[in-house]
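Remarks on the structure that follows.
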Amino acid sequence: MSRIARERLNASFFHVMCQGINKEMLFNLDKQKEKYLFLLKENMFKFDIQIIAYCIMSNHVHILIYSEDMCKLSKFMKCVNTEYAQYYNYIEKRVGYVFRDRFKSQAITDKKYLYQCINYIHLNPVKAGMVALPQEYIYSSYNDYMSNSGITQNKIFGRLFDGKNFAILENFSNCSDFIDENIDKNTIMDEYICNFIKKNKIGIECIFSEKKYLCHIIKTLLRSTCIRKKDIGEKFGMTWKWINTIVNE
């Protein structure tokens, strides 16, 4: 591979996202997250792809992949998702499709955009209310970056970061202008609501019967990089005026 340009990248970096069918929580258990991570690492050498960053959430997965052959990338994702679907159906005693789509991918051709994408992936658990800090979440590559271990040992990293450490990423920690056009915004909201319910040990009905819960959820979602008042209004069946009232309280 030729040296990576300072600002522009070749079209070999892809932000991949997979999510469960019918918004199903495919990775609700630790053993399920561990299984998917095992399949990612086991198959990346077989298909000659390199994982740059990843985060396994409860109902979707983000993976930043380097591959010079899109065909190999497609085969890699098909293999991983097929094997996981077989495993998931077996332990859950179910049949049928597991993932909503084959997978979604977005080419990353700008270096700044790449750094923002890495941070966007690592900050997913924070935005979903699962942890306060990205290093507290063990099913992402964040701690590999901080300890210079794990996936950062592959050959692409030295060229990608010009031999420097990963402190450069701190400049992009507030990746407010990174917009993932492929992610279903309802997926983000569903994940946050699910984790909020679990953390507070309440039922879904409490969100609508207790104004304090609804206010907290709406204000938190609006701090996300891609959730807008319009999205929240459609999700909860609320008017713009009512949302503004809550935000301004």
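Listed by first and then second residue, the pairs with beta-carbon distance under 6 Å, at least 6 apart or on different chains, first residue in segment 82-104 and closer than 18 Å to Ser58 by Cβ, second outside any strand (DSSP E or B) and among the aromatic types (Phe, Trp, Tyr), are Tyr84/Tyr36; Val98/Tyr88.
With respect to the stated conditions, Ile218 is touching a helix residue (DSSP H, G or I) at 6+ places or on another chain (Cβ under 6 Å), modelled with pLDDT of 75 or more and outside any loop (DSSP other than H, G, I, E, B). Counting the residues of segment 200-218 that are over 16 Å from Met189 (Cα atoms) and of a type in the set (Ser, Thr, Tyr) gives 1.
Can you tell me which residue is surrounded by the fewest Cβ atoms within 10 Å (Cβ to Cβ) among those in segment 221-240 that are assigned to a helix (DSSP H, G or I) and among the hydrophobic types (A, V, I, L, M, F, W, C)?
Trp240
Checking Ile65 against (1) under 20 Å from Ser140 (Cα atoms); (2) of a type outside the set (Asp, Glu); (3) part of a helix (DSSP H, G or I), which test does it fail? The failed condition is (3). So, in segment 139-180, how many residues would count as being β-branched (Val, Ile, Thr), modelled with pLDDT under 55 and surrounded by 15 or more Cβ atoms within 10 Å (Cβ to Cβ)? Residues flagged as β-branched (Val, Ile, Thr), modelled with pLDDT under 55 and surrounded by 15 or more Cβ atoms within 10 Å (Cβ to Cβ) within segment 139-180 amount to 0. Consider segment 183-198 and keep the residues that are of a type in the set (Asp, Glu) and assigned to a helix (DSSP H, G or I). The one that is surrounded by the most Cβ atoms within 10 Å (Cβ to Cβ) is Glu191. Kindly evaluate Tyr97 against the criterion of being of a type outside the set (Val, Ile, Thr), in a helix (DSSP H, G or I) and either out of contact with any Leu (no Cβ under 7 Å at 6 or more places or on another chain) or under 26 Å from Gly129 (Cα atoms) (or both). Against the criterion (of a type outside the set (Val, Ile, Thr), in a helix (DSSP H, G or I) and either out of contact with any Leu (no Cβ under 7 Å at 6 or more places or on another chain) or under 26 Å from Gly129 (Cα atoms) (or both)), Tyr97 does not qualify. Annotation note: Cβ proximity below 8 Å between a residue of segment 110-122 that is β-branched (Val, Ile, Thr) and a residue that is surrounded by fewer than 20 Cβ atoms within 10 Å (Cβ to Cβ) (sequence gap 6+ or interchain) occurs for Ile118/Leu169; Ile118/Phe172. Against the definition (under 22 Å from Met17 (Cβ atoms) and either surrounded by 18 or more Cβ atoms within 10 Å (Cβ to Cβ) or modelled with pLDDT of 80 or more (or both)), how does Lys201 come out, yes or no? So Lys201 fails the test. The set of residues in segment 24-46 being surrounded by fewer than 16 Cβ atoms within 10 Å (Cβ to Cβ) and assigned to a helix (DSSP H, G or I) consists of Asp30, Lys31, Glu34, Phe38, Lys41, Glu42. Considering each residue of segment 62-71 in turn, at least one proves to be aliphatic (A, V, I, L, M) and loosely packed, with under 14 Cβ neighbours inside 10 Å.
Scanning segment 132-141 for residues that are closer than 22 Å to Lys41 by Cβ and without any contact (Cβ under 8 Å) to a residue 60 or more places away in the chain yields Pro134, Gln135, Glu136, Ile138.
The values are calculated or read from the model by the stated rules, or taken from the named source; none is laboratory data. All values derive from a computational prediction rather than experimental measurement. Here Cβ is always computed from backbone atoms with ideal geometry, including for glycine, and neighbour counts include all displayed protein chains.
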